[in-house]
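Read through the structure below, which is laid out as structure tokens, and then see the notes.
Every number in this text was worked out from the coordinates using simple rules, so none of it is lab data. All of these numbers come straight from a predicted model, not from anything done at the bench. Neighbour counts run over all protein chains shown; Cβ positions are idealised from the backbone, glycine included.
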Amino acid sequence: MTDLKATDPPVTDPPATDPQATVAKATAHASPGRLSTLHRRILDWYALEARDLPWRDPGTSPWGVLVSEVMLQQTPVRRVEPVWRQWMSRWPTPAALASSASGDAVQAWGRLGYPRRALRLHAAATAMVERHNGDVPGTLPELLALPGVGAYTAAAVSAFAFGQRTAVVDTNVRRVFARAVGGSGQAAPSLTRDETNLAVALLPEDHVEARTWGVAVMELGALVCLARSPRCPDCPVRDLCAWQLAGRPAYEGPVRRAQSWHGTDRQCRGVILAALRATTEPVAQCDVDALWPADDPQRDRCLDSLVADGLVEPLPGGRFRLPGRQDLTN
Ligand code: SF4
């Protein structure tokens, strides 16, 4: 259990319930003394409680960090870890992945979901071979210039692989800051400029601390400051938390719509891709048709979208396969 000091000051003034207003207010009022307390508490907690994850091993290459960050987007650690290990064993460098067919990457993505991420990793690996001699580039502009690498992934690789003092803002970080600093029960439905500014303002000045800060806050959000049922009694900043100090007011901001799955295009696309992953041979149109209720236009729409996204390659004779994969039965 982390040692808490009752004399540590709260990080913000008493909060309101509107997330954007409180984040802006927190940015303006968080003093260096208050911030250093928050930093020390969360960094000390992380030193004791961090999970032992393979991509956090100091020996993990920048490529391993990049692959992990792409896989972890909207996907739980327990599902990512075995697939990450298989990928790093099969494709330990960008050059190794770039030399394989993009369909092999889609096949090895398994059931992680959002399979366009596999194509984006393949495209990024190819670009790294062409532009960076097969290495992951170390600057934010170079990372952002890679295909499929967005602001979050570039920041995470910059911080976690290269130790740069970069603010990393994912869903977990946003939730912790919204509660502990902003005093709101939830973050806004999508990332706001105020949240990004707050994350930058909360970065420790010390370079060594800043290197660990992002992953420490992320871990607190993943293990303690849970979305539905935060484990406040186990939290290292519970006596500082603006949301706690305000009496845990109900969230009054805009609500993010829950994503459904059953019967959606995402489910239908997943069914088709799973069938193509399960065989080394091209799949005939009639077999694709049998995967979804007869006469449902959703199936054709989803197959068309998979082809348009580059996840499925149409072949002569009304057959389909993952892109670029050779028929291993020949
Ligand atoms: S006290 Fe509770 S709500 Fe506040 S940061 Fe900790 S876990 Fe989250």
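Here, the chain yields an orientationally averaged convex hull projection of 18.6 nm² when only Cα atoms define the hull.
Scanning the chain for cysteines with no neighbouring cysteine C-beta under 4.7 angstrom from their C-beta gives CYS225, CYS232, CYS235, CYS241, CYS286. Counting neighbouring Cβ atoms within 10 Å and putting the fewest first, the residues TRP243, TRP292 line up as TRP292, TRP243. Dividing the alpha-carbon radius of gyration of the range 78-128 by the rule-of-thumb value 2.2 N^0.38 Å gives 1.03. The angle between the Cα long axis of helix 171-180 and the longest principal axis of the Cα atoms of the chain comes to about 20 degrees, rounded to the nearest 10. Between the Cα long axis of helix 19-29 and the first principal axis of the chain there is an angle of about 50°, rounded to the nearest 10.
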